[in-house]
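S.K.: Take this structure, written in structure tokens, and hold onto it; I'll ask about it next.
The values are calculated or read from the model by the stated rules, or taken from the named source; none is laboratory data. Predicted, not measured: the structure shown is a model, and the values here were computed from it. Reconstructed Cβ throughout: ideal geometry from the backbone, glycine too, with neighbour counts over all protein chains shown. For accessibility, only protein heavy atoms count, side chains too; no ligands or nucleic acids. Shrake-Rupley method; radii C 1.70, N 1.55, O 1.52, S 1.80 Å.
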Amino acid sequence: MTQAELRLCSLLLQEHFGEIVEKVGNSLLRTGPRPLRLLVGDTGLLPDQVKKALCVLIQHNLVRYEVQPRGSVEYEARSERILRILRYPRYIYTAKTLYGDPGELLVEELLLHGHLSMSCAVAKVADRLTETMEDGKTMDYSEVSSTFVRLADTHFIQRCPMVPESPQSAKAPPPPAPALAIAEKDMYIVPRLNLVGKGKRRHSCDEEEEGEHKAKRQKQEGGTSETPPDDGIYWQVNLERFHQHFRDQALVSAVASRMDQTSSEVVRTMLRMSEVTTASGASHTQPLSSNEIFRSLPAGYNIGKQVLDQYLALLADDPLEFVGKSGDSGGGTYTVSILWGGTWPYRAPPSPVQHPSLIPLLLHRFGSRCARIFRLLLRKKHLEQKQVEDFAMIPAKEAKDMLYRMLSENLVSLQEIPKTPDHAPSRTFYLYTVNVMAAARMLLHRCYKSVANLMERRQHEMRENKRLLEKSQRVEAILASMQATGAEAAQLHEVEEMITGPERQQLETLKRNVNKIDASENQVDETIFVLESFIESTMKKP
């Protein structure tokens, strides 16, 4: 794990869970799997604090545990899962795009709590949606429940592993830690619940206190609340399914830019038909016949069967191999190449060769001539220094300096091809080439550093304006309470004037800067996703 990843993970844990959880998570990231005793000694926290921090991390799938042969339990941080916190806004926005407000809030609640039961998630989302509705209107549980079922059917959410029910002897001691498991066929089965009810609005402070006193009295009297029908069945967000959706969208966009809109719609239909049946790590989708694809095309695309066959033939014959033909039954069976499609930004498009993330970096850091040499090496694969000078039309001294600068940054590599076994320099070819994998890893490392810098900058901005933010929050709370009691406009205006003009302008500037930082984080995360997909697919490439 690089220092940039460690720094970013620490910042994410601190921002979302606080200092104690960050300290425990940082210790596990630095030292690897450790038992509770060593973890308490390394962090300097109380055992109870470390246990609660581990509970939070395990609840959010950020730490895994394993029982050792001697009976001790070791905890290990999942760095790749911690880095996914950066992508939470994108998951939530995607759910809103596909399933509307109920889908957005369901995914948000599951990410916020780590995992929840269906009845609890539906109730929370119905209450939140009711808060935003007009007076007299409420959100029915059945509508939120149907969205929950759709999310499970399309595998965007999945059931958490459970403790398997196995008959144990009464004398056998319990294991140090439970072993959780779930069959793959049960991961997306939604329990049949008859959730009847409507969302409730938030009560006033007096009503809330009265409700708390009532709950305390019931607890003291030994009364217990009704057990929900799905008690023990918890759900979590399936991040890999969201990544599959992002990859499919990128593939459809690549086909649209390469060919036309109709071709991209054909590929979109094929991906939609196999989105649930295709495993996340598969290199191709399930084979689909031409007849099945034709029947599944959207109603708006009035193209005939013959035209569809021509489009499929064009896609299969394209050098970039977006679609492959796997048989002739049913008018021909076709698959979408996911493994190669996922590397689209780094595959050789027609001409000129362009790497959308690397070329701007070269232009910014080294200038246009370095970018020209980089494109040249991508196209020609291997070139000697003299050939680089001639093809790029750059003087020898400048070309040599630029090649060495890129060599020191791992953007290009030098390959020796000796003519004789003694490797004499005078009888050896020195060829420059682009190591795309090393360049992608270098760029990914820089992206992690960029996101960490952005997060620290946002924290700095918030610290510098802490007093003003607290004052603004106090004024907003006073205004809200006065509006609830029916205060006059003059009184409200008087409270608003507690924040002066310069302070209001400073707040606007802060809000604008924080919004820019948030947008920049999301943009860098999109690049991180592309680079991670490329590295992963290249590692899987046969």
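S.K.: On a straight-distance basis, which aspartates and glutamates could pair with K52 in a cross-link, Cα separation under 17 angstrom, same-chain partners fewer than 8 positions away excluded?
M.R.: E19, E22, D42, E74, E76
S.K.: Give, to the nearest whole percent, the P(r) tail of segment 357-434 beyond 22 angstrom, counting all Cα pairs. Write down the numbers at each step before the final one.
M.R.: On the way: 664 of 3003 pairs.
That fraction is 22 percent.
S.K.: In debye to the nearest 20, how big a dipole does the chain give about its Cα centre with +1 on each Lys and Arg Cβ and -1 on each Asp and Glu Cβ?
M.R.: Numbers: 69 positive and 70 negative charges, 432 e Å.
In debye, rounded to 20, the chain gives about 2080.
S.K.: Right, something else. At q = 0.16 Å⁻¹, what log₁₀ I(q)/I(0) does segment 242-336 have when each alpha carbon counts as one equal point scatterer in the Debye sum?
M.R.: Rounded to two decimals, the profile gives -0.60.
S.K.: Kindly report the accessible area of segment 357-434 per residue (heavy atoms of protein chains, probe 1.4 Å, no ligands, DNA or RNA), in Å². Show your work: numbers first, answer last.
M.R.: Numbers: 4530 Å² over 78 residues.
For segment 357-434, the solvent-accessible area averages 58 Å² per residue.
S.K.: As I understand it, the dipole of the chain uses +1 on the Cβ of Lys and Arg and -1 on the Cβ of Asp and Glu, about the Cα centre. Which of S533, L479, L308 lies farthest toward its positive end?
M.R.: Projecting each Cα onto the dipole axis, the largest value belongs to S533.
S.K.: Using r as the Cβ-Cβ distance of D318 and H445, and R0 as 51 Å, what FRET efficiency do you calculate, to the nearest 0.05? Numbers along the way, then the final one.
M.R.: Values: r = 33 Å, r/R0 = 0.65.
Calculated transfer efficiency: 0.95.
S.K.: Tell me the Rg and the Dmax, in Å, that the Cα atoms of segment 398-542 produce.
M.R.: Rg, Dmax (Cα atoms, Å): 28.2, 95.
S.K.: Residue separation times 0.36 nm, minus the C-alpha to C-alpha distance between Q505 and K325: what's the value?
M.R.: Values: separation 180, 0.36 × 180 = 64.80 nm, distance 6.13 nm.
58.7 nm is the gain from fully extending Q505 to K325.
S.K.: Pairing the Cα long axis of helix 118-132 with the longest principal axis of the chain, what angle in degrees results, from 0 to 90 and rounded to the nearest 10?
M.R.: Here the helix axis deviates by roughly 80 degrees.
S.K.: While we're on this one: Leaving out ligands, DNA and RNA, what percent of the accessible area of segment 242-336 is carbon and sulfur, probe 1.4 Å? Working shown, then result.
M.R.: Details: 2090 of 4290 Å².
That share works out to 49 percent.
S.K.: Compute the acute angle (0 to 90°) between the alpha-carbon long axis of helix 205-220 and the principal axis of greatest extent of the alpha-carbon atoms of the chain; round to the nearest 10°.
M.R.: Here the helix axis deviates by roughly 80 degrees.
S.K.: Between S296 and E184, take the C-beta separation as r, use R0 = 22 Å, and let me know the FRET efficiency to the nearest 0.05. Write down the numbers at each step before the final one.
M.R.: Details: r = 25 Å, r/R0 = 1.15.
The value I calculate is 0.30.
S.K.: Oh, and also: Set Lys and Arg Cβ to +1 and Asp and Glu Cβ to -1, take the dipole of segment 3-77 about its Cα centre, and tell me which of V21, L38, L54 lies farthest positive.
M.R.: L38
S.K.: With just the Cα atoms defining each centre, how far is segment 140-160 from segment 1-79? Give it in Å.
M.R.: Their Cα centres are 31 Å away from one another.
S.K.: For segment 426-480, count the residues as N, evaluate 2.2 N^0.38 Å, and divide the Cα radius of gyration by that value, please. Provide the component values of the computation, followed by the final result.
M.R.: Details: Rg = 24.3 Å, N = 55, 2.2 N^0.38 = 10.1 Å.
Rounded to two decimals, the normalised Rg is 2.41.
S.K.: On a full-extension model of 0.36 nm per residue, what is the gain between Q3 and I478, subtracting their alpha-carbon distance, rounded to one decimal in nm?
M.R.: Values: separation 475, 0.36 × 475 = 171.00 nm, distance 4.53 nm.
Using 0.36 nm per residue and subtracting the Cα-Cα distance, I get 166.5 nm.
S.K.: Still on this structure, I have one more. Please get the size of the charge dipole for segment 242-336, origin at its Cα centre, with Cβ charges of +1 on Lys and Arg and -1 on Asp and Glu, quoted in debye to the nearest 20. List each step's numbers first, then the result.
M.R.: Values: 7 positive and 10 negative charges, 39 e Å.
Value, rounded to 20: 180 debye.
S.K.: Return the Rg/Rh ratio of segment 1-151 with Cα-based radii and a Kirkwood Rh. Mind showing how you got there, number by number?
M.R.: Numbers: Rg = 18.6 Å, Rh = 17.2 Å.
Taking Rg over the Kirkwood Rh, I get 1.08.
S.K.: Still on this structure, please answer the following. At 222 nm, what helix-only mean residue ellipticity would the chain give, in deg cm²/dmol to the nearest 500, using -39500 (n - 2.57) for each DSSP H run of four or more?
M.R.: Details: 22 runs with 319 residues, N = 542.
My calculation for the chain gives -19000 deg cm²/dmol from helical runs alone.
S.K.: Rounding to the nearest 10 and keeping the result within 0 to 90°, find how far the Cα-based axis of helix 3-17 lies from the longest principal axis of the chain.
M.R.: Taking the Cα atoms of the chain, the angle to 3-17 is about 20 degrees.
S.K.: How much accessible area per residue does segment 444-538 have, counting only protein heavy atoms and a probe of 1.4 Å, in square angstrom?
M.R.: Details: 5840 Å² over 95 residues.
Per-residue value: 61 Å².
S.K.: Running Debye on the chain with equal point scatterers at the Cα sites and no solvent, what base-10 log of I(q)/I(0) appears at q = 0.09, 0.11 Å⁻¹?
M.R.: Results for the chain at q = 0.09, 0.11 Å⁻¹ read -0.95, -1.30.
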